[in-house]
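Read the figures in this text as sums done on the coordinates, not as results from a lab. It should be emphasised that the depicted structure is a prediction, and the values quoted were computed from it without experimental measurement. Heads up, the Cβs are rebuilt from the backbone with ideal geometry, glycines too, and the neighbour counts pull from every protein chain shown.
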């Protein structure tokens, strides 16, 4: 599937489940993120068309201990588009925690 078709299908899916601009941004959720005290890894594709960078940064800043990692040359579906890089980042995160 080419990138344009993937983007179309993702936007179509998002609209069916009720997401609308700004995508996936929930101020009430961000206010509650601080309740979670554990580590968090937030991955974002550099070319993400769904979640603007400031929103990803707001989510990361909402956690007491979060790491925001931007994956170059990647859209919203980081696992599907960059599986090896995603796995390496998750493994690195877990290794840094002593859990890998």
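Quick notes on this one:
- Which numbered condition residue 36 misses (of (1) in contact with a helix residue (DSSP H, G or I) (Cβ under 8 Å, 6 or more places away or on another chain); (2) surrounded by fewer than 17 Cβ atoms within 10 Å (Cβ to Cβ)): (1)
- Listed by position, the helices (runs of 4 or more DSSP H) contained in region 23-100 that have at least 1 residues being over 19 Å from residue 13 (Cα atoms) and without any contact (Cβ under 8 Å) to a residue 60 or more places away in the chain are 27-32, 53-62, 83-96.
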